[in-house]
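Structure first, then comments.
Since every read-out is calculated from the coordinates, none of them should be taken as a lab result. Remember, it's a predicted structure, so these values are computed and weren't measured experimentally. Please note: Cβ atoms are built from the backbone with ideal geometry, for glycine as well, and neighbour counts cover all protein chains shown.
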Amino acid sequence: MNLINSYLPIMTKLNPDQLTVKSHKPDNNLAGPHVFLSLLQRFTPQTVKWVNGPADILLLAYGNENKARAKHAYKLVCTRCDGLYHLTPPALALKHSCLNKLANIRYELADGLVFQSRFCQRHYEAFFGQRDVPSQLIVNGTDIERYAGERKPGVVCCTSWRDSKRPWLLAAIARKLMNVMPRVPVTIIGPFPSTVRLTSNCQVIGNLAHEKLDYYYRQATVFLHTAYQDPCPNSVVEAVAHGLFVVGSSTGGLPDICGNGNGQLIYEDEHLTPVSKIPDTDDELWAGEVVKALCRKLPTPERPDLSIVSVARCYVDFWYKLLCSETSG
């Protein structure tokens, strides 16, 4: 009970037309979720009040349960259902289990649910069961605009040291690409592990501020995303919005981001229960799809639905729809 109480807000009284949203403190963190929340905060109207929450809270929306009651009478109107921890190596099993329990609490308390992707919905329902409450699929958005200029063949990818990002697969693909198209550069953005050897066609940029991504996206035609079951990767949203063709896994949220002509998804089995090891995949197949993508001449479809303006409007509309239904009820 104490754990649940710690997630119930203590705030000043809301105006009737106001909503309070609790999230990470927007800061200079370069991770995708932080960047997205900073953008979302900028593009929501002033009637939405933002407050800082615990570090693991990505997005919660609260409303006044009863204006005549005490100032602490607030309900969890909506929670965004982000990815759950499905990889459970022994060293992290306990930590991941605790974080999933916190997600379960928010999932059970909320009167409405926003899923980042259909994969997130399947994942939550497999872990915690289905809930008979209003829900909506809202894929993340970005402020990066489509680049209409001339591009040279090149591959760009965003990765990290996490096993789920499969940096070793990226290295294997780059090695095979080196044999077929040695002059095509592979630009790697993010903290790539030094223990994984790379060929000379690779350039590691390291961590990069959101506003500097545009330069590197312009230097490429293909975005390679080697992660397994990534719930809704912001880097892929940004790449698709910019006009890059994505090569990635059929698992996770990629079908919702680039399944309509914006990419080639390589089929892999989906695991909705915890696994201790990422399934093997065929790096030869991946490399072949990257080569095909580099030779593509067709432009990728435009995706105005990935605009942060459009996404922010979807969030606010859903929040107020939930608030109005509770007020009228």
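The antiparallel fraction among DSSP beta bridges confined to segment 155-304 stands at about 5%. Taking the Kirkwood radius as Rh and the Cα radius of gyration as Rg, segment 171-241 has a ratio of Rg/Rh equal to 0.94. The 3J(HN,Hα) values that the Karplus relation (6.51, -1.76, 1.60; θ = phi - 60°) gives for segment 97-103 are, in residue order, 5, 5, 5, 5, 5, 5, 4 Hz. Gly and Pro appear as x. Take every Cα-Cα distance within segment 73-203, group them into 5 Å bins from 0 onward, and report for each bin the whole-number percent of pairs it holds. Per 5 Å bin, starting at 0, the Cα pair percentages come out as 2, 8, 14, 13, 13, 13, 13, 10, 8, 5, 2, 0, 0. Between E108 and K152, the contour length at 0.36 nm per residue exceeds the Cα-Cα span by 10.9 nm. Figure legend: label point modelled 7 angstrom from the Cα of V133 along Cα→Cβ; residues of segment 295-321 with amide N under 20 Å from it are 314-321. With R₀ set to 35 Å, the beta-carbon distance separating S325 from N260 gives a calculated FRET efficiency near 0.65.
Using the Karplus relation 6.51 cos²θ - 1.76 cosθ + 1.60 with θ = phi - 60°, the per-residue 3J(HN,Hα) values for segment 139-153 come to 6, 4, x, 8, 9, 6, 9, 4, 9, 9, x, 6, 10, 9, x Hz, with x marking Gly and Pro.
The per residue volume of the convex hull around the alpha-carbon atoms of segment 155-304 is 108 Å³.
Near the amide H of L272, within less than 5 Å, lie no amide hydrogens of residues on another chain or at least 5 residues away, with H placed in the peptide plane.
Note on S310 and R122: the extension gain reaches 65.2 nm, defined as 0.36 nm multiplied by sequence separation minus the Cα-Cα distance.
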